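Before we start, here is the structure in question, set down as structure tokens.
Nothing in this text is a laboratory measurement; each read-out follows from the coordinates by a stated rule. What you are looking at is a predicted structure, and each value in this text was computed from that prediction instead of being measured. Neighbour counts are summed over all protein chains in view; Cβ atoms, including those assigned to glycine, are modelled from backbone coordinates with ideal geometry.
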Amino acid sequence: MNIGILGLGTVGGGVVNVINKNTKEIERRTGSQLNITHAAIKNLNEKTICPTDNINLTEDAFEVVNNKDIDVILELIGGIDFAKKLVETAIKNGKHVITANKALIATHGNELLSLAKKHNTHLLFEASVAGGIPILKSLEQGLGANKIELIAGIINGTGNFILTEMRNKGRDFADVLKEAQELGYAEADPTYDVEGVDAAHKLAILSSMAFGCKLELDQVSTIGISQIEGEDVSYADELGYSIKHLGIAKKINGQIEMRVHPTLIPKKRLIANVDGVMNAVLIKGNAVGNTLYYGAGAGSDATASAVIADLLDLVNGTVNDGTLGWKELIEFTTIETGSVESIFYLRLIATDKPGVLANITSTLADHNISIEAVVQKQIDSLNNAHIAIITNKVKTAEITDAIKQIQQHEFIKDSVKLIHVETLE
Ligand code: HSE
């Protein structure tokens, strides 16, 4: 197989380096060599992170996807529109495509997969979710006997790095984000990381692979981490929780719920201890129970490892010829956000005077919400009490309504903060 790479940046360069480093092992596994013949790069005068001596380089990516001698295209340039044109052209030219592009797959995966089927080619994207962790292959192969009940994942390294640094070092949100950008973890547009867009892309892909349904990115309800303050991190800690930015997908009574949001997780859970840029995905199957996958969610060699795993499947002829790992996809309905049941953390800032807490708890009681834990941590210089509450499991619509009422009191001094809690039992 002759391979053409689009982009020799962090991921593309990593692919060349890992293939060079592990040539013998790859040959022993496949019985053949992975032959990278062509690569398209942005600027021929720019230095790449990998050797390019035996690769024909060009600045014209279409030259690579239209080259008749190339069998497989690795799309590793990222972005949506230009990448989509290249992938479509490659597929129409009868080539297999491997991509690490979660935005492209989550947004246009359904049509690109149909196109690939029509042209008898494969479109593979293991590297698009959780970098080096072979999570899609685990869902498709190792967990294939199960009905998947729950996915809960830390699937954005940048967000996890920010929350970890805030908790461990009391650092400022903006300051940590800047460092994540400098270290090359963040997306080109860092709001994708911070506002949960990147995690939503990955969760949409995970859900489709897990439940055997089409990609439905617009059904993922998404909340970012930009509203998390140091005070929430330390309250959570005091109450026995870590705050993580989780992607959660559940199948309940035939309906699917997909959400990305900051989440309080009991500190004793393994996933609550996944720190820094690392990713982890918990998958619960009805036969196997809970399983947990941990590893580098980004980075050159780690992501390359997943790209090359797809290449090995192609070379060995072990690709599932269904769609998203299924021979038959089903339609599904999504649970409306208001009907999603969850435990919640609330943080309120209120004037410190008699009856305030009673008033708050009575509004919660009116909505059938009971309180599992409460802390009143400090009275600030303005004579305000800062109160954190953990509720029981309630419908999102109920808690939202209760907060609307509580917010109207003149003794409430700031917006009430609401964060999901997941026990992950
Ligand atoms: N920006 C992404 C992250 C890169 O931080 O996880 C890997 O998809």
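Please list, in order along region 372-386, the HN-Hα scalar couplings obtained from phi with the Karplus expression 6.51 cos²θ - 1.76 cosθ + 1.60 (θ = phi - 60°), rounded to whole Hz, x for Gly and Pro.
8, 7, 8, 10, 10, 8, 8, 9, 7, 5, 9, 6, 9, 9, 9
Which of the pairs Lys84/Lys327; Lys102/Lys137; Lys24/Lys95 have their Cα atoms more than 19 Å apart in this structure? It would help to have the intermediate numbers written out before the result.
On the way: Lys84/Lys327 25 Å; Lys102/Lys137 15 Å; Lys24/Lys95 26 Å.
As for pairs spanning more than 19 Å Cα to Cα, those are Lys84/Lys327; Lys24/Lys95.
In terms of modelled amide H atoms, which long-range or inter-chain residues lie less than 5 Å from the amide H of Glu187?
Hits under the 5 Å cutoff: Asp193.
Take the Cβ-Cβ distance between Gln378 and Ala287 as r, set R0 to 41 Å, and report the resulting FRET efficiency rounded to the nearest 0.05.
Working: r = 48 Å, r/R0 = 1.18.
Result of the calculation: an efficiency of 0.25.
Let me ask something else about it. Assuming 0.36 nm per residue, please report the length gained on full extension of the stretch Glu59 to Thr191 beyond their Cα-Cα distance.
Values: separation 132, 0.36 × 132 = 47.52 nm, distance 2.90 nm.
Contour length minus Cα-Cα distance gives 44.6 nm.
Return the long-range amide H neighbours of Asn56 (sequence gap of 5 or more, or a different chain), with a cut-off of under 5 Å between placed amide H atoms.
Answer set, sorted by chain and number: His38, Ala39.
Based on DSSP, what percent of beta bridges with both residues in the chain are antiparallel, to the nearest 5? Display every interim value, and only then the final one.
Numbers: 52 of 77 bridges.
Here the share of antiparallel DSSP bridges comes out near 70 percent.
Setting aside same-chain residues fewer than 8 positions from Lys413, which lysines have a Cα under 20 Å from its Cα?
Lys353, Lys377, Lys404
Select from the chain the helices, each a whole stretch of DSSP H, whose alpha-carbon atoms run 20 Å or more along the helix axis and whose Kyte-Doolittle mean is at least -1.0; answer none if there are none.
On the way: long enough: 102-118 (22 Å, 0.08); 197-211 (21 Å, 1.07); 300-316 (24 Å, 0.89).
Membrane-span-like by this criterion, though nothing is claimed about a membrane: 102-118, 197-211, 300-316.
Applying a 10 Å radius around every beta-carbon, put 13-20, 374-381 in order of their mean neighbour count, most first. Numbers along the way, then the final one.
Numbers: 13-20: 21.9, 374-381: 12.0.
Going by the mean number of other Cβ atoms within 10 Å, highest first, we get 13-20, 374-381.
So what's the gap between the Cα centers of region 379-401 and region 251-325, to the nearest angstrom?
If we compute the Cα centre of each part, the gap is 33 Å.
Antiparallel DSSP bridges in region 135-295: what percent, to the nearest 5?
Values: 29 of 31 bridges.
Around 95 percent of the beta bridges assigned by DSSP in region 135-295 are antiparallel ones.
Which length gain, in nm to one decimal place, applies between Thr23 and Asn168 when the Cα-Cα distance is subtracted from 0.36 nm times their residue separation?
Numbers: separation 145, 0.36 × 145 = 52.20 nm, distance 4.07 nm.
Roughly 48.1 nm would be gained on extension.
To continue, here is another question. Select from Val65, Gly322, Ile80 the residue farthest towards the positive end of the dipole of the chain; place +1 on Cβ of Lys and Arg, -1 on Cβ of Asp and Glu, and compute about the Cα centre.
Going by the charge dipole, the pick is Gly322.
Which order do His245, His119 fall in if you start with the one that has the fewest other Cβ atoms within 10 Å? Write down the numbers at each step before the final one.
Numbers: His245 25, His119 17.
Arranged by neighbour count, lowest to highest, His245, His119 become His119, His245.
Counting other Cβ atoms within 10 Å, keep those with at most 15, restrict to DSSP loop, and tell me which trypsin sites (Lys or Arg not before Pro) in region 108-162 are left. Show your work: numbers first, answer last.
Working: sites: Lys117, Lys118, Lys137, Lys147; in loops: Lys147.
Loop-located and lightly packed - Lys147.
Still on this model: Could you line up Asp414, Asp401 from fewest to most neighbouring Cβ atoms inside 10 Å? Numbers along the way, then the final one.
Numbers: Asp414 12, Asp401 16.
So the ranking, lowest neighbour count to highest, is Asp414, Asp401.
Going by amide H atoms built from the backbone, whose H comes under 5 Å of the H on Cys213, apart from near neighbours?
Excluding prolines and chain starts, which carry no amide H, the hits are Ile330.
Kindly provide the trypsin sites (Lys or Arg not before Pro) of region 21-77 that DSSP labels as loop, not H, G, I, E or B, and whose Cβ sees at most 10 other Cβ atoms within 10 Å.
Numbers: sites: Lys21, Lys24, Arg28, Arg29, Lys42, Lys47, Lys68; in loops: Lys42, Lys47, Lys68.
The qualifying sites are Lys47, Lys68.
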